[in-house]
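Peer 1: Sending over a structure as structure tokens; questions will come in a sec.
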Amino acid sequence: MNSSPHQTTFKILVLGQSNVGKTSIAYRFTDDSFKESYISTIGIDATTSTLTIEGEKIRLQIWDTAGQERFRTLTNAYYRGAMGIMLVYDVTCDTSFNNISNWVQCIEENASDNVICMLIGNKADADENLRCVTKKQGEETAAQRNMDFFEVSAKTGHNIKEAFTALGQKIYKSRLPKLAQTYFKGEHFLWQN
């Protein structure tokens, strides 16, 4: 295991329209907590958590962005440096699912070409009669856009850690050539970014 005082950090954006559960997903992962009451995110909220991937401690810096239209321009600057994006919709709200193409366009216009995107269907714990988007629809949309797909529940914690771990692993593997450019000095690795 690396004994470096410098920890590799991956910037991850959590995007999607308002009320899909972006903040709840971020806090379920970082604090293993869930709040029933909803307070709309204003601007950007950042949290961190650490994963171990292939013996390396990786710090995930999770940027929870406001989903309201009026904040779209604010979030554009935050795409810079993002290595991963979780694009979230609510399985009980077809409007949030139908807006995926608008969010993908925003990503294509603002994020780097090598950013890794994942489609997330939140509120998978919802009663079946409340569901507007099937799991199959989510899987097909993700496949068409070359994204991994997870249905999660921020409320119960279902698949939250698995989704972040999968995204972290994909980012890590995509950056292996860059991470391999290390120089050993004394007892510490110095990463070239």
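Peer 1: Say we look at segment 87-105 and pick out the residues that are closer than 27 Å to R175 by Cβ and out of contact with any Phe, Trp or Tyr (no Cβ under 8 Å at 6 or more places or on another chain); which of these is surrounded by the most Cβ atoms within 10 Å (Cβ to Cβ)?
Peer 2: V88
Peer 1: Looking only at segment 42-63, which residues are at pLDDT below 90 and touching an Asp or Glu at 6+ places or on another chain (Cβ under 8 Å)?
Peer 2: I44, D45, A46, T47
Here is a yes/no grid of residues against (1) crowded, with 20+ Cβ neighbours inside 10 Å; (2) at pLDDT below 95; (3) closer than 21 Å to G81 by Cα; (4) under 12 Å from the mean Cα position of the chain (by Cα):
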| site | (1), (2), (3), (4) |
| --- | --- |
| A111 | yes, yes, yes, no |
| N114 | no, yes, yes, no |
| C132 | no, no, no, no |
| E139 | no, no, no, no |
| G157 | no, no, no, no |
| A163 | yes, no, yes, yes |
| A166 | no, no, yes, yes |
| Y183 | no, yes, no, no |
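Peer 1: Could I ask something else about it? Mind checking whether some residue in segment 76-91 is under 29 Å from Q137 (Cα atoms), at pLDDT 95 or above, assigned to a helix (DSSP H, G or I) and small (G, A, S)?
Peer 2: Scanning segment 76-91, I find no residue that is under 29 Å from Q137 (Cα atoms), at pLDDT 95 or above, assigned to a helix (DSSP H, G or I) and small (G, A, S), so the answer is no.
Peer 1: Looking only at segment 34-41, decide whether some residue is at pLDDT below 95 and either within 26 Å of S174 (Cα to Cα) or buried (at least 21 other Cβ atoms within 10 Å of the Cβ) (or both).
Peer 2: Taking every residue of segment 34-41 in turn, none turns out to be at pLDDT below 95 and either within 26 Å of S174 (Cα to Cα) or buried (at least 21 other Cβ atoms within 10 Å of the Cβ) (or both).
Peer 1: With the condition kept exactly as written, say whether any residue in segment 11-25 is over 19 Å from F150 (Cα atoms) and at pLDDT 90 or above.
Peer 2: yes
Peer 1: Checking L179 against (1) at pLDDT 95 or above; (2) of a type in the set (A, V, I, L, M); (3) over 15 Å from the mean Cα position of the chain (by Cα), which test does it fail?
Peer 2: The failed condition is (1).
Peer 1: If you check A143 against the conditions, is it at pLDDT 95 or above and within 24 Å of L51 (Cβ to Cβ)? Talk me through it step by step, then tell me what you get.
Peer 2: Values: at pLDDT 95 or above: yes; within 24 Å of L51 (Cβ to Cβ): no.
Spelling it out, it is not the case that A143 is at pLDDT 95 or above and within 24 Å of L51 (Cβ to Cβ).
The values are calculated or read from the model by the stated rules, or taken from the named source; none is laboratory data. Note that the structure is a prediction, hence the values are computed from the model and not measured. Because the Cβ atoms are built from the backbone with ideal geometry, glycine has one as well, and the counts that use them run over all protein chains shown.
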